[in-house]
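Colleague: So that we are looking at the same thing, I have put the structure below in structure tokens.
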Amino acid sequence: MTNIIIGIAVLAVLFVIMYIKITIDERKGINSPEKQRIYAIAQEVIPDIENYCVVYATREDFSLSGSGGAITTTTKYWYYAAAITCEELFLIPLSFEDGEISYSEPIHFDKDNLGMAKAKKHGYLTLYDKDKKEILSIDVSESNTKDDEYHPVNIQQKEETKEFIEISKEFADEINS
């Protein structure tokens, strides 16, 4: 009986510790340096950035492989500063090293180079080429906390995500028309 009580107490303490960590990370992310840097990067790349909804976006690809009874799961992660209007989307690839955020050449999408787009609930946007083959899907989440090396930022973007969801639906309608 004592072991059960100790086990429950340990679980309760672990829950409280995790809750406190998540709460602190969420508060840090409201106007975090990472969030400010993402916007600054978009501003460097896109001259009229005030006409865009700018968000932090991610992409994860899962794959399974194996032979001889062994199965390997691989997950690849990509990070973007995304800037969207009803007519175009810029994805600016991000990289993280030693606490610094850098970026590479932006990828531009619009009606001229897309065949289809699907805006899904909760901030998912999937892009297709002219042959209707999937190019990529991105995810824009309200809450991004530093959990591990694959989740490198504290960015809270609740209002921005709502705006992205609305604009991405209009963007998909424009591409699909």
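None of the figures in this text is laboratory data; all of them are computed from the coordinates on show. It should be emphasised that the depicted structure is a prediction, and the values quoted were computed from it without experimental measurement. Note: ideal-geometry Cβ built from the backbone for every residue, glycine included; neighbour counts use all protein chains shown.
Colleague: Can you quote the Å³ per residue value for the convex hull of the Cα atoms in the chain, rounded to an integer?
Modeller: Output value, Cα hull per residue: 178 Å³.
Colleague: Using a Förster distance of 22 Å, how high is the FRET efficiency between T73 and H122, based on the Cβ-Cβ distance and rounded to 0.05?
Modeller: Taking R0 as 22 Å, the efficiency between T73 and H122 is 0.40.
Colleague: Here's something else I'd like to know. Once you place label points 7 Å from the Cα toward the Cβ at D148 and S65, how far apart are they in nm?
Modeller: Here the answer is 2.0 nm between the modelled labels.
Colleague: Helix 33-45 sits at what angle to the longest principal axis of the chain, using alpha carbons and giving 0 to 90 degrees rounded to 10?
Modeller: Helix 33-45 sits at roughly 10 degrees to that axis.
Colleague: Calculate, in nm to one decimal, what K162 and A12 gain on full extension: separation in residues at 0.36 nm each, minus their alpha carbon distance.
Modeller: Full-extension gain reported as 50.6 nm.
Colleague: From the backbone phi of the range 116-128, what are the Karplus-calculated ³J(HN,Hα) couplings (6.51 cos²θ - 1.76 cosθ + 1.60, θ = phi - 60°) in whole Hz, Gly and Pro given as x?
Modeller: With the stated coefficients, the range 116-128 comes to 6, 9, 10, 9, 9, 4, 6, x, 8, 9, 10, 10, 10 Hz.
Colleague: May I pose another question? Place a +1 charge on the Cβ of each Lys and Arg in the range 27-177 and a -1 charge on the Cβ of each Asp and Glu, then give the dipole magnitude about the Cα centre in debye, rounded to the nearest 20.
Modeller: It works out to roughly 540 debye.
Colleague: Given H placed 1.01 Å from N in the peptide plane, which residues other than close sequence neighbours of I135 have an amide H under 5 Å from its amide H?
Modeller: Under 5 Å from the amide H of I135: L127, Y128, D129.
Colleague: Taking the Cα atoms only, what angle lies between the long axis of helix 158-176 and the longest principal axis of the chain, rounded to 10 degrees?
Modeller: That works out to roughly 40 degrees.
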